[in-house]
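Some notes on the structure that comes next.
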């Protein structure tokens, strides 16, 4: 690891690895296949870029988006790394030049899955025998994953085509079933699965019933002047409506959806990546691979499609580790639309999985306990109350539901944990359906115990038990409800359960903001602003995102430490030797001028 540490400092300008990075790098350098599940903002790129820089042979990076490839290549070149990128967004002459870089010894080659898996490219790479293949956004390869892309399926051929190459896969979003599927397809299970966790403690989580989106949105944005953020909408029409409304309120809002031309989408994305304080109002067409570290908030004005989608989308906020806020507004209308979308896609097995994923998201929305506990439980991760979500900061009024919950849990246990919520609710409500009678479930002791509550009330109640970590939904077993260890404790009388009776009546309350440390002292605010302006000019001149020059954390440290020499500036995190040589004098001049 000493050599890796040296590369981290000498090439990327950082003095220490983030948690988990060293372990993954060590495995890859030693020749082991790895699937790494890392929370957004944890620094997954470094995990494969350092082994690539250290290696003697080429590393192939498979990425799903051209814009993401371009940004990562620009960032690597700014740090002095030899890297190439071949994709359909470049001219034939440009792609020939990029391939020449590979022949001349480039350390990394970025490709889309479609480009990689052509016979021509595979034959060309066979002669080079790449040291490693890196599959980014690896959940796209799994049919269990919510973002399955058929073009990724072909990547499962890599172990046979390149048996001597290491295969590394990275994702921020993969539940247990998806992780197993990725590992089976990419390295036949012969490798390590590293799950660093899904927790993003810097994100404040808030969910509310949608009453009137305009005042609710403006209330959310009222203390976010001067900050960049994303507002997600379900349709193109609504996206344009929201963007226009925010512009009328004086905000720098732009829209992004598939109905815009490719050129306009690129212009809007470039503005968001380079300017400060832009509100991007977008459909899910905008998002994957957006590596802007200083997004301070994400708001959903409609229900996302699944827990995975929600986790991915809120994960675009606060990638620099600083506090960020999220808000999800949901309604029965949104739920109906989502059900309708699912009904029109895929085969029956796919539709069933997506309905269960949506059920899990609805359970999260209706959680009466800590949001973070509910979110992490979905990804099989235990957590205590976070103190940084709406339910922790403004606890809802709860009712005791222990006995009622025990009736449900007992029914699940007696029926072998094989059934979904619908059948279990029929048993509890004493409904003589054909399925109940055929399986003799009308003879259970709990049959009819739940008559006082309507089916809809039971559905909400079940979702809150799922959200609280007492039950889990087994997507692979047709959505059957299963008892967790916490649920077993409740059934045995060692635990109680409180629930929120009327979730539809609750609207969001603005939680008291925790005092957060100012990144710079008041005296340094003016200098930080000047450094950001300087960075923006340099980024625009090079047609790269601003963070490629320096991330915000580096500018904050520069404003606080105010180095006066290149040697002093070399000790700032994020200032590698190439950036020091190229940008150092310009930034030092700006710092010196403020001190005169």
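The values are calculated or read from the model by the stated rules, or taken from the named source; none is laboratory data. This one's a predicted model, so the numbers in the text were calculated from it and none came from an experiment. Neighbour counts run over all protein chains shown; Cβ positions are idealised from the backbone, glycine included.
For region 15-42, a residue qualifies if it is buried (at least 19 other Cβ atoms within 10 Å of the Cβ) and in a loop (DSSP other than H, G, I, E, B), and the qualifying residues are 17, 20, 33, 38, 39, 40, 41, 42. Residue 422 falls short on exactly one of the conditions (1) in contact (Cβ under 8 Å) with a residue 60 or more places away in the chain; (2) in the same structural domain as residue 472 (by TED's automatic domain parsing); (3) closer than 29 Å to residue 139 by Cβ, and that condition is (1).
Conditions tested, residue by residue: (1) closer than 27 Å to residue 178 by Cα; (2) touching a helix residue (DSSP H, G or I) at 6+ places or on another chain (Cβ under 8 Å).
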| residue | (1), (2) |
| --- | --- |
| 438 | no, no |
| 443 | no, no |
| 446 | no, yes |
| 450 | no, yes |
| 453 | no, yes |
| 473 | yes, yes |
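Looking across region 43-62, not a single residue is surrounded by 24 or more Cβ atoms within 10 Å (Cβ to Cβ) and either without any contact (Cβ under 8 Å) to a residue 40 or more places away in the chain or assigned to a loop (DSSP other than H, G, I, E, B) (or both).
Taking region 85-112 as the range and being closer than 27 Å to residue 262 by Cα and part of a loop (DSSP other than H, G, I, E, B) as the test, the residues that pass are 86, 87, 88, 89, 90, 91, 112. Selection within region 425-474: residues that are assigned to a loop (DSSP other than H, G, I, E, B) and in contact (Cβ under 8 Å) with a residue 40 or more places away in the chain. The member of this set that is surrounded by the fewest Cβ atoms within 10 Å (Cβ to Cβ) is 453.
Can you tell me which residue among 91, 78 is in contact (Cβ under 8 Å) with a residue 40 or more places away in the chain and surrounded by fewer than 20 Cβ atoms within 10 Å (Cβ to Cβ)? The match here is 78.
Scanning region 266-318 for residues that are over 11 Å from the mean Cα position of the chain (by Cα) and assigned to a helix (DSSP H, G or I) yields 266, 267, 268, 269, 270, 271, 272, 273, 274. Could you tell me how many of the residues in region 236-251 are farther than 10 Å from residue 281 by Cβ and touching a helix residue (DSSP H, G or I) at 6+ places or on another chain (Cβ under 9 Å)? Number of matching residues: 1.
Note on region 543-559: among residues that are in contact with a helix residue (DSSP H, G or I) (Cβ under 9 Å, 6 or more places away or on another chain) and under 17 Å from residue 272 (Cβ atoms), the one that is surrounded by the fewest Cβ atoms within 10 Å (Cβ to Cβ) is 543. From the list 338, 353, the lone residue that is farther than 21 Å from residue 477 by Cβ, touching a residue at least 12 places away in the same chain (Cβ under 8 Å) and crowded, with 19+ Cβ neighbours inside 10 Å is 338.
Here residue 376 meets each of (1) part of a helix (DSSP H, G or I); (2) in contact with a helix residue (DSSP H, G or I) (Cβ under 9 Å, 6 or more places away or on another chain); (3) assigned by TED's automatic domain parsing to the domain that holds residue 212; (4) under 23 Å from residue 499 (Cα atoms) with one exception, condition (2). Across region 140-197, the qualifying residues are those that are over 20 Å from residue 356 (Cβ atoms) and free of Cβ contacts under 8 Å to residues at least 12 places away in the same chain, and the one among them that is surrounded by the most Cβ atoms within 10 Å (Cβ to Cβ) is 184.
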